[in-house]
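Derivation of every value follows stated rules applied to the coordinates shown; laboratory data play no part. What you see is a predicted model; the values in this text were computed from it and never measured. Here the Cβ is made from the backbone with ideal geometry for all residues, glycine too, and neighbour counts use every protein chain on show.
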Amino acid sequence: MTGPRPRGSGGAALIGLCLAGCVSSAPGAPRVKAAAAAEPVAAQTWPAVEKDPARPDPPVTDIGSDQTTLPARYPAGVWLPIEQPLLSLQVVVRVQVEGQDVLATLDSGASSSVMSTMTFNRVAPPDTEPVGFARVMDAHGDLVRARRFVLDKVQVGSLTFNRYEVLVVPGGYPLFLIGAEKLEKMDVFLAADEGVVGLFPPGRAPIEPGATRVRLHVEDQQPRLVAYAQGPRGREAAFTLIVDTGASETALPVGAGLKAGLVTDHRATKTTMAIGGEAERRGRFVVGTLQLGDERVPVHNVLAQSSRLAGGKDVGLLGNDVLMRHRTVLRLSKGELFLSPLPDRPTTRHRGPGGAVCTARGKPVPCIHVAVEHGQDPCLRVRIHPVYSGTTVEMALLAEKDSQGPALAGGALRVFSTVGDHGVDRCMPMQSHTELDDARMSLTWVRTEGIIWPCDPWATECVSVSGPLADSGVARAHSEG
């Protein structure tokens, strides 16, 4: 559901992310004239935060969004916006099927491309006949009967697939999964921190500085790796995990996890969706460090669901709560996974739309500033300067706890706020702040267009958490009407 929209957004996410042709403050890019912004009413409350040269602001567009430079730096790729709120742990892109717009999930955990009956009936010619039948095993281990069809054309950005084979499963809901049989023909560069994904010819995706490589093996047309974790008594367990860009969260085989004595949280419950329907999962594993592959690449602070597949297969999933902590390149053609650290960004933005300088009482101040305020009533302080008046601002924040890994177990704090004439100066309540104690915060991305409003449509602001801690009370489902 879409809520308040920024002026000039037009509701077009493909345009709103400014992958090309937008006005930017990047060096060498066209600019609009930078102007001093109006004074906020609560000017005295605005901190004079100094710029940190080690944590530079991203470039800003003429309407105040952070602007990705990845397409300009790596032009060999086909770059697509992720059609979800920032860091929602889903890789959803807009594609064209038989000339019609469809939202599709890039799903490396699905060996074949899968479509629901609802979506197929909307896009396929009415006289399309099945060419065969199959059974599909979903993420819960359930077998679902499917019909096999061949579509004339599917376009993913500028990539065209002719004679596209798809398995159609029963379902009165929109679903299109682009599976590993198509993704193995390309490199997938996942930059979820900037809300984009790049598709490159096999072997040509750039590997960013600091990347670590994990070797993969393919079984049942799915990319897999072996991961290792230790229980509290030092007993090590090895798990086979499917590298699954279609899974929001990591899941470990329940039998192997219990046998190894991994720490469990029995109170946690979660309803998960798969092709065959909903399932209630109880309990999860609390893993201090999950080591990936023979290379033993460490991933800290993982909260993993329990998985139990049919047929006795002790296989889990490596989900986007781990993959999206990094700039991730999935190179299925060579059985490789590359994980690079995300850029460390400040908790401020010092330039507003079109490069505007924001001031308070005649002195420069940040145009956007966020901070966790501890105390009896912990809250997330959000300040947005009136230069953003008339727009809706979406922000994604990450938190790192030194060697302990991400404070939010691979998730993010997301803030949405519609800005009035006097700006925003709000402390949004948080039920618990222990996850963010001593954490280094990063305002990883800001955007003002192409926003998918996830909150009460009558509200003007809200804050939520994505990932494994979404239901833990770190932040309230806070909305203000």
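Observations
- In the stretch 293-354, one over the average inverse separation of all distinct C-alpha pairs is 15.3 Å, which is the Kirkwood hydrodynamic radius.
- Cα-Cα pairs of the stretch 350-392 separated by more than 14 Å (percent): 53
- 11 Å beta-carbon shell around Asp187, net charge (K/R +1, D/E -1): +2
- Scaled against the 2.2 N^0.38 Å expected of a compact globular protein of N residues, the Cα radius of gyration of the stretch 48-192 reads 1.28.
- Each peptide among 59-67, 127-135 gets the average number of other Cβ atoms lying within 10 Å of its residues, and from highest to lowest they stand as 59-67, 127-135.
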